[in-house]
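In what follows, a structure is listed as structure tokens, so that the remarks can point back to it.
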Amino acid sequence: MKLSEISEKLSGKIIGNGSIEITNVGKIESAKKDEITFIANPLYEKYFDLTKAGAIIVSEQFFNSINNTNKNLIVLNDPYSGFLKVLDMFSIHAKSQVKGIHSSAIISDLAVISDDNVSIGANCFIGDNCKIGNNTTILPNCVIMNEAEIGENVFIYPNVSIYNNCKIGNNVTIHSGVVIGSDGFGFAKNSDGSYQKIPQTGNVVIDDYVEIGSNTTIDRATIGSTLICKGVKIDNQVQIAHNVVIGENTVIAAQVGIAGSAKIGKNCMIAGQAGIVGHIEICDNTIITASVGVSKSITKPGIYSGYRAQPMKKELKLQAILRRLEDIMNELKSNKIK
Amino acid sequence: MKLSEISEKLSGKIIGNGSIEITNVGKIESAKKDEITFIANPLYEKYFDLTKAGAIIVSEQFFNSINNTNKNLIVLNDPYSGFLKVLDMFSIHAKSQVKGIHSSAIISDLAVISDDNVSIGANCFIGDNCKIGNNTTILPNCVIMNEAEIGENVFIYPNVSIYNNCKIGNNVTIHSGVVIGSDGFGFAKNSDGSYQKIPQTGNVVIDDYVEIGSNTTIDRATIGSTLICKGVKIDNQVQIAHNVVIGENTVIAAQVGIAGSAKIGKNCMIAGQAGIVGHIEICDNTIITASVGVSKSITKPGIYSGYRAQPMKKELKLQAILRRLEDIMNELKSNKIK
Amino acid sequence: MKLSEISEKLSGKIIGNGSIEITNVGKIESAKKDEITFIANPLYEKYFDLTKAGAIIVSEQFFNSINNTNKNLIVLNDPYSGFLKVLDMFSIHAKSQVKGIHSSAIISDLAVISDDNVSIGANCFIGDNCKIGNNTTILPNCVIMNEAEIGENVFIYPNVSIYNNCKIGNNVTIHSGVVIGSDGFGFAKNSDGSYQKIPQTGNVVIDDYVEIGSNTTIDRATIGSTLICKGVKIDNQVQIAHNVVIGENTVIAAQVGIAGSAKIGKNCMIAGQAGIVGHIEICDNTIITASVGVSKSITKPGIYSGYRAQPMKKELKLQAILRRLEDIMNELKSNKIK
């Protein structure tokens, strides 16, 4: 793509040679002469003179701060969000992988598939009474069980399993190996020590604009729905148990586990490997740091840390004391003896 | 289903109108007028007057405690286990998803498939010399490798992988994305720092009445068998390494990891994200709480907690001290100074 | 296989009856009379007289230490590595599962498949412009998306997903349920609290002799490559985020999580369930023990332990103090009062 075309799409101002050909994006430290890069963070300004990139997206402010340059620039108010758009221009869209419905896909006669631009890949299975909306793409080897409903503009990567009766909204992205709607882990103990299964009759409901990372599992509710609200972003290998509710625009990093019936608020951030026990509530705007264990409800927004979650300030003090605990003990004892 | 039919199946006593149509189960707080709910726990009795449910299953005791009511009731000795049966009546059985052997399934001529009610879904692969017992259902896109044996009344959800020579008993349920029989993680270090694979020649043996949650992985033994005993229930994303033994009726929650050759007793409960190191033993009737690290054998039944597992009582005291540690330190120091 | 044949392949010296038939390997405690076992570790010498094994591989040193025996032996300098070879002889090679390209595999006309001994199983999907090298085997139900490249002597188990543009070297083994190349977890926050996806335009590059355990996930880079270097061994359910680099011959146990842009050195060992935050570096020859949280770069080789990683010696002292903390507190207080 010509640099001038890119600049035009960004409504930017071009400095230098707009006719050069840009073939990819790069990091400012390592970009090649046919690649475009950007400077948004002042920490990276030091690379401006050194970079071999064919073009750089910069802010108006930065541009005003430099003297003459022989670099090719696109000047924008917001170079970061401009660069995101450029990333998108050069993405090899997985969307182009599949076009139309592959002859090897097994689709129930009772399924209702929109006739407006739906793609279903090889070896997919679509069960009875499933509904699939406009512009949705399902890559090869996925299984969508009976009565599941999938909205519009949904993109599902290979080897995904969606159980019966689950509902996926619009503009949802689901990565490979995800399982949606497996049975909640519910058993009642018999008097002989064995367990009786509690039937899991509910489903999973996933609202619009959700993204779900690879090999994540979301269990169906015992009764009612496990609910992932609008705009939630879930990383890889996250476990979400039955009857959990995740509020709007909450972000959950990899390997987090959320136990049954926990209710997570809106706009929360949960870092990697954190664990949240069942039947508690976490209020809106809460941040849980990595590997934290949350065993009680959180009712006050803030940042929580620690093997047993507490406000981060308190945890940092505890960690500071623990690091010096041996010295403190020795000191206390020796004072004592004197 | 008519309320009177449900009551009959439960051998209950009906109060009110047995001819109403019940179409689903509901929670007492939110059930609709065509749904049935229950009261077993006195905490929920407060909802009795408020619920909009079409019918309520209650205990004889509770029924005797109320005055005249215009609600429709089923009166039972044990309303909880009655409700479990009703849940089952209204479950949309995944079992109904597949009937018979789909024409797209690839089944080796050398496989021995029972001719009594086996269902094998679309795009499944069944290898040489596999055996599959009566009434077993395998949903679409599963792979069963050579010489694997699967018993009777087994139910396998989509996208499961079972490696060669593994043995699955009767009445086992396996959820989507499970991998059974992948190689144990065994490598011997070469003198140049690289690693040589230790061949993993054993298998996995899964006994009757086991349930395995989605995306769980169970590795084959180096020699002999990784063994999951009768009645074990395993949640999602659990990792069970080579040569592990899990005793009867032990329950393992999500994201637990059990390292090589660990031996877990009978009737244990292991909560979410706990980790158990290799080559240790955990005795029968042990409870391990969430996120606990077990690095030594446990020889005395009880409840164990903590980043490094210890008896729960001791851990709770430690946590109490840690919460006050800053204050204690300050107090000790100021006393000292005086 | 006759014992004499086994001995010949190992260039060993046979004692006893070389004509007996050996059908499997066994542990010395439980081996049967048609099985072969070994003694390398002196701890197991006590089983020598008791074992029912048909043959035992022993060291020259051990052989010289015993008197006459009626056991059948293979005497070797290094009985352990000899036994590894025997394990290999008796492995039921998964490689034999599939031969040639199955008629149900869907392979793009634009894919370039070596014509030298490639096997592709039933229901596989191979996208446009994929390359697959000599002697590579792909078991059933795998999906290899467009432009992915797979080298020689690669073995891929069922239900693996490899996204577009990823590159797999030679002699790589990938277990079931692995996902390679799913999108890195990158989102930019909008002013209304919702998130905008940062396109993940990079790929994953996996070098030679890497093994990847079941259900592990490796995300593609935002820009550039997530890089797994030569000889790395990865266990099950490991999560490797975008732009991570793992150095040569590093070993990573099950359920480890490595966050975005972390750089792990060569010859490291990372034990189960450890977590490594993003954007840090861990130097060569570092050992991280189980369940450790690493939140800062490690610049000095050694063993690191703890909920917040510190040198193991320091952590062991801390754990010792914590175990006695209640007693220490009581002692300090009572001294005070006196």
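The values are calculated or read from the model by the stated rules, or taken from the named source; none is laboratory data. Computed from a predicted structure; not experimentally measured. Neighbour counts are summed over all protein chains in view; Cβ atoms, including those assigned to glycine, are modelled from backbone coordinates with ideal geometry. What goes into the accessible areas is simple: the full protein's heavy atoms, side chains included, and nothing from ligands, DNA or RNA. Shrake-Rupley method; radii C 1.70, N 1.55, O 1.52, S 1.80 Å.
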TODO: Examine segment C:267-279 for a residue that is closer than 30 Å to C:E152 by Cβ, out of contact with any Lys or Arg (no Cβ under 7 Å at 6 or more places or on another chain) and either in a loop (DSSP other than H, G, I, E, B) or touching a residue at least 60 places away in the same chain (Cβ under 8 Å) (or both), and state whether such a residue exists.
DONE: yes
TODO: For segment B:300-317, state whether one or more residues are open to solvent by 20 Å² or more (accessible area, probe 1.4 Å), within 28 Å of A:D183 (Cα to Cα) and touching a residue at least 12 places away in the same chain (Cβ under 8 Å).
DONE: yes
Open item on the list: Checking the structure you have, find out if any residue of segment C:174-190 is open to solvent by less than 10 Å² (accessible area, probe 1.4 Å), out of contact with any Phe, Trp or Tyr (no Cβ under 7 Å at 6 or more places or on another chain), assigned to a strand (DSSP E or B) and closer than 23 Å to C:S119 by Cβ.
Closed with: yes
- [ ] Mind listing whichever residues of segment A:321-338 are at pLDDT below 90 and among the β-branched types (V, I, T)?
- [x] A:I328, A:I337
Open item on the list: Which numbered condition in (1) surrounded by fewer than 18 Cβ atoms within 10 Å (Cβ to Cβ); (2) under 25 Å from the mean Cα position of the chain (by Cα) is the only one that C:N330 fails?
Closed with: (2)
- [ ] Could you name every one of the strands (runs of 3 or more DSSP E) located completely within segment A:1-74 that has at least 2 residues being in contact with a helix residue (DSSP H, G or I) (Cβ under 9 Å, 6 or more places away or on another chain) and over 23 Å from C:G202 (Cα atoms)?
- [x] A:13-15
- [ ] Look through segment B:205-223, keep the residues that are in a loop (DSSP other than H, G, I, E, B) and more than 8 Å from chain A (Cβ to nearest Cβ), and return whichever of them is surrounded by the fewest Cβ atoms within 10 Å (Cβ to Cβ).
- [x] B:D208
TODO: Can you run down the residue pairs with Cβ atoms below 6 Å, 6 or more apart or on separate chains, where the first is in segment B:148-165 and within 14 Å of chain A (Cβ to nearest Cβ) and the partner is buried (at least 24 other Cβ atoms within 10 Å of the Cβ) and in a strand (DSSP E or B)?
DONE: B:I156/B:I138; B:I156/B:I174; B:P158/A:V143; B:P158/A:S161; B:N159/A:S161; B:V160/B:I174; B:S161/B:V143; B:S161/B:V179
- [ ] May I ask you to verify whether C:S104 is out of contact with any Gly (no Cβ under 6 Å at 6 or more places or on another chain), within 13 Å of chain A (Cβ to nearest Cβ) and modelled with pLDDT of 95 or more?
- [x] yes
Task: Filter result for the condition that a residue is out of contact with any Lys or Arg (no Cβ under 8 Å at 6 or more places or on another chain) and among the hydroxyl-bearing types (S, T, Y), over B:S182, B:S191 - done: B:S191
Task: Single match in B:A262, B:A253 (criterion: of a type in the set (G, A, S) and open to solvent by less than 10 Å² (accessible area, probe 1.4 Å)) - done: B:A262
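Residue-wise test of (1) over 25 Å from the mean Cα position of the chain (by Cα); (2) modelled with pLDDT of 95 or more; (3) facing chain B (nearest Cβ under 10 Å).
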position	(1), (2), (3)
A:M269	no, yes, no
A:E281	no, yes, no
A:V292	no, yes, yes
A:Y304	no, yes, no
A:Q319	yes, no, no
Task: Failed condition for B:K95, given (1) within 8 Å of chain C (Cβ to nearest Cβ); (2) open to solvent by 20 Å² or more (accessible area, probe 1.4 Å); (3) at pLDDT below 95 - done: (1)
Task: Of all residues in segment C:1-17 being surrounded by fewer than 17 Cβ atoms within 10 Å (Cβ to Cβ) and under 30 Å from the mean Cα position of the chain (by Cα), the one that is farthest from B:P199 (Cα to Cα) - done: C:S11
TODO: Answer yes or no as to whether B:N285 is of a type outside the set (K, R), open to solvent by less than 30 Å² (accessible area, probe 1.4 Å) and either over 30 Å from A:Y163 (Cβ atoms) or at the interface with chain A (Cβ under 10 Å from one of its Cβ atoms) (or both).
DONE: no
Task: Checking A:I56 against (1) in contact with a Leu (Cβ under 6 Å, 6 or more places away or on another chain); (2) modelled with pLDDT under 95; (3) of a type in the set (A, V, I, L, M, F, W, C), the condition it does not meet - done: (2)
Open item on the list: I'd like to know if segment A:117-138 contains one or more residues that are among the hydrophobic types (A, V, I, L, M, F, W, C) and in contact with a Lys or Arg (Cβ under 9 Å, 6 or more places away or on another chain).
Closed with: no
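Results for (1) in a strand (DSSP E or B); (2) closer than 19 Å to A:A122 by Cβ; (3) in contact with an Asp or Glu (Cβ under 7 Å, 6 or more places away or on another chain), shown as yes or no for each residue.
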| residue | (1), (2), (3) |
| --- | --- |
| C:D116 | no, no, no |
| C:P140 | no, yes, no |
| C:N146 | no, yes, yes |
| C:N159 | no, yes, no |
| C:N170 | no, no, yes |
Task: Residue among A:K197, A:K131 that alone is under 20 Å from B:Q237 (Cβ atoms), basic (K, R) and open to solvent by 10 Å² or more (accessible area, probe 1.4 Å) - done: A:K197
- [ ] Scan segment C:249-261 for residues that are assigned to a strand (DSSP E or B) and either within 10 Å of chain B (Cβ to nearest Cβ) or over 24 Å from B:G177 (Cα atoms) (or both) and report the count.
- [x] 2
Task: The listed residue being open to solvent by less than 20 Å² (accessible area, probe 1.4 Å) and either within 30 Å of C:V154 (Cβ to Cβ) or in contact (Cβ under 8 Å) with a residue 40 or more places away in the chain (or both), out of C:I28, C:I36, C:I20, C:I101 - done: C:I36
Open item on the list: Being in contact with a strand residue (DSSP E or B) (Cβ under 8 Å, 6 or more places away or on another chain), outside any strand (DSSP E or B) and surrounded by fewer than 24 Cβ atoms within 10 Å (Cβ to Cβ) is the filter here; which residues of segment B:224-248 pass it?
Closed with: B:C229, B:G247
Open item on the list: Just to be sure I understand, how many residues within segment C:281-293 are in contact with a Lys or Arg (Cβ under 6 Å, 6 or more places away or on another chain) and either on the phi > 0 side of the Ramachandran plot or assigned to a loop (DSSP other than H, G, I, E, B) (or both)?
Closed with: 1
Task: Any chance A:Y47 is touching a residue at least 40 places away in the same chain (Cβ under 8 Å), among the hydroxyl-bearing types (S, T, Y) and farther than 27 Å from B:S161 by Cβ - done: no
- [ ] Return yes or no: is B:A122 touching a His at 6+ places or on another chain (Cβ under 6 Å) and surrounded by 24 or more Cβ atoms within 10 Å (Cβ to Cβ)?
- [x] yes
